[in-house]
Amino acid sequence: MKKLALATTLSAALAAPAIAQTPDPGQADAAPVAATTTAPLTGNLGLFSSYRFRGIDQTFGKPALQGGFDYAHASGFYVGNWNSNVSSGAGFPDGNLEMDFYGGYKATFGDFGIDVGAIYYYYPGSDASGLGIGANSGAVNNKELYIGGSWKFLSLKYFYSVDDYFSLRGVDSAGVSTGKNTHGSQYLDLSANYDLGDGWGINAHVGRLNLKNVHNGDYTDWKLGVTKDLSGWLVALSYVDTNASGNCSGASTYQPYCFTNSNSDNHGVITFGSHTKDAGRAIAVLSVSRTF
């Protein structure tokens, strides 16, 4: 039971949400695109059949309402905020909301672009004391730096965690916390977004997480999707899959991506829901979103 609880908390952290993106908030783990818009202040709102972050289920298969805003200065500097509901069982004990705050600098040079910045993931109301870092640790959070480059419809972005990855400490093959830190965990994202014309677009993504000091924590995720612009509303359908270790049927080693439907932490004692699910399983995600 303790092993599963740790897996649940870990997964939630791993699955941590993505920054609000265009055209697919919460799915492509890229930095905000605010600096490419014509208006200095923009907002975004979307309804998703499921919330996947770096390929990992954040809402236990249930729908997600997501939205935020971006401010982009003419110089290329930008700041923004993005929010989504999440499941406490995804590694955010007692939490049900994700709030992301980010800022950085973007610039283009012909067909090439650069993007550097930082993002802070915060889960108000959550309790991180059961994630292996001791009592009174506060809410689950994560701090990452990123740097990326783009060419036409291709982009490559690298994320580096400067603190324990979503407040998580190391876990061994038996699912027991080792107390080792997880800062220095890394994520690499290669994405493509191609405009087919007449409002149609296709997108693809492959990402790789290197989760430091967590057994079976590393995995690869991928996505293939199609979008259609309907009078400013973007309808998207994506296929998302991973090779993450999420076997909930009695695997012999720790499976960090086997999540439960809920997770509560009382001073380091974790109570979790009775239902489990492979958080990295293949799924189709349908969404409707708009930028305004």
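The values are calculated or read from the model by the stated rules, or taken from the named source; none is laboratory data. The shown structure was predicted, so the numbers you read here are calculated from the model rather than taken from an experiment. As a convention, Cβ positions derive from the backbone with ideal geometry for all residues, glycine included, and neighbour counts pool all protein chains shown.
Quick notes
- Once the range 247-287 is narrowed to residues that are touching a Gly at 6+ places or on another chain (Cβ under 6 Å) and of a type in the set (A, V, I, L, M), the residue that is surrounded by the fewest Cβ atoms within 10 Å (Cβ to Cβ) is I270.
- Filter result for K62 (under 26 Å from V288 (Cα atoms), basic (K, R) and over 20 Å from the mean Cα position of the chain (by Cα)): no
- The one condition from (1) at pLDDT 95 or above; (2) surrounded by fewer than 19 Cβ atoms within 10 Å (Cβ to Cβ); (3) not polar (S, T, N, Q) that A135 does not meet is (1).
- Residues that are assigned to a strand (DSSP E or B) and surrounded by fewer than 16 Cβ atoms within 10 Å (Cβ to Cβ) within the range 102-115 comprise Y105, A107, T108, F109, F112, I114, listed in sequence order.
- Within the range 261-291, considering residues that are in contact with a strand residue (DSSP E or B) (Cβ under 6 Å, 6 or more places away or on another chain) and modelled with pLDDT under 95, the one farthest from V140 (Cα to Cα): G273
Listed here are the residues, each with its yes/no results for (1) under 26 Å from Y105 (Cβ atoms); (2) without any contact (Cβ under 8 Å) to a residue 60 or more places away in the chain.
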| site | (1), (2) |
| --- | --- |
| Y120 | yes, yes |
| A139 | no, yes |
| L145 | yes, yes |
| L154 | yes, yes |
| V176 | no, no |
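- Near pairs, Cβ below 7 angstrom, 6+ apart or cross-chain, from the range 222-241 (closer than 21 Å to G280 by Cα) to any residue that is among the basic types (K, R): S238/K223; Y239/K223; V240/R52; V240/K223
- Scanning the range 71-80 for residues that are within 25 Å of Q186 (Cβ to Cβ) and buried (at least 19 other Cβ atoms within 10 Å of the Cβ) gives Y78, G80.
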